[in-house]
Amino acid sequence: MRNSEGGFYFDTSSLKQVYPLPLISVEVKPFMVFRGVLSAQQCRRLISKYGPQVKKATGGEYGQAVIASQYGIMPNEEPRLFADMAAVLVEANSHYRYALSGIYEPFRLLAYTQGEYNGLHSDYGTIDRSKLSFSVKLNSDYLGDGLRVLNSPLPKLKPGDAVVFPSWTAHEAMPCRSGVRYSLVGWAAGPQFA
C-alpha cells in the first residue's frame with residue numbers, strides 16, 4: 001500500500017500467523033590473537049628507538065584514569081610496520097567484515113611503569129571512527145597483567161603477539177606492578193556504524 005508521502009507500508013493487522021524465518025547464528029569473536037606479528041628483534045628495536053621519546057599522558061574520556069607515557073609513530077617513520085599491521089587488520093576484518101577506510105592516526109608506543117594503567121574504555125566514538133583496534137605486546141620483563149578485553153584476561157602473550165578487537169569493545173590495560181610494560185597500539189577507521 002502507498003502512504004500519503006509516496007512510500008510503501010504493509011498493514012500487518014490482517015496477519016493471523018507469523019511466518020517464521022530461520023535464524024542464522026554468527027559467532028563474533030570478542031578479540032583475535034595473532035602470534036608473532038613482530039619478531040623479538042623488531043620489538044626490542046621499537047623500544048630502544050621510541051622508548052626514550054615517550055611523554056607522560058594523563059586524563060581521558062569517560063573519566064577513566066589514563067596514566068601512561070606514549071609516543072606517536074608516523075607512517076613515514078616506520079612504513080614496513082604500518083604495512084605489516086595493515087595486513088593483520090585486513091586479515092582480522094575478514095572475520096568482522098566492517099567497512100574500513102584506513103589508518104588515520106599514528107601508532108602509539110605506550111610505556112606503563114609501576115602503578116600505571118589505562119582504565120576501562122572503548123576506542124569507538126572518537127572523530128576518526130575507529131572500528132578495529134590492535135595492541136602488540138613488546139616486552140615481558142615486567143610484572144603485572146596486560147590487556148583485558150570485555151573483562152576477560154587474554155591467553156598468555158609473547159612479545160610480538162597482537163590482539164585485534166572491535167573498537168567499541170570495552171577494554172583496559174591493567175596496572176603494571178614493576179618494571180616497564182611496552183605495547184604498540186593502533187586503529188583502523190571507517191564510516192560510522194549505521
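The values are calculated or read from the model by the stated rules, or taken from the named source; none is laboratory data. Here the structure is a predicted model, which is why all the values come from computation and not from measurement. Ligands, DNA and RNA are stripped out before the accessible areas are found, and what is left, the full protein with its side chains, is counted by its heavy atoms. Shrake-Rupley method; radii C 1.70, N 1.55, O 1.52, S 1.80 Å.
Annotations
- Computed 3J(HN,Hα) for the range 96-107, one whole-Hz value per residue from the Karplus formula 6.51 cos²θ - 1.76 cosθ + 1.60 where θ = phi - 60°, is 6, 6, 8, 7, 10, 10, x, 9, 10, 10, x, 5, glycine and proline marked x.
- Accessible-area composition of the range 80-124, carbon plus sulfur, in percent [1.4 Å probe]: 52
- Cross-link reach is defined here as a Cα-Cα straight distance under 17 Å, omitting same-chain residues fewer than 8 places apart; for LYS137 the lysines meeting it are LYS49, LYS156, LYS158.
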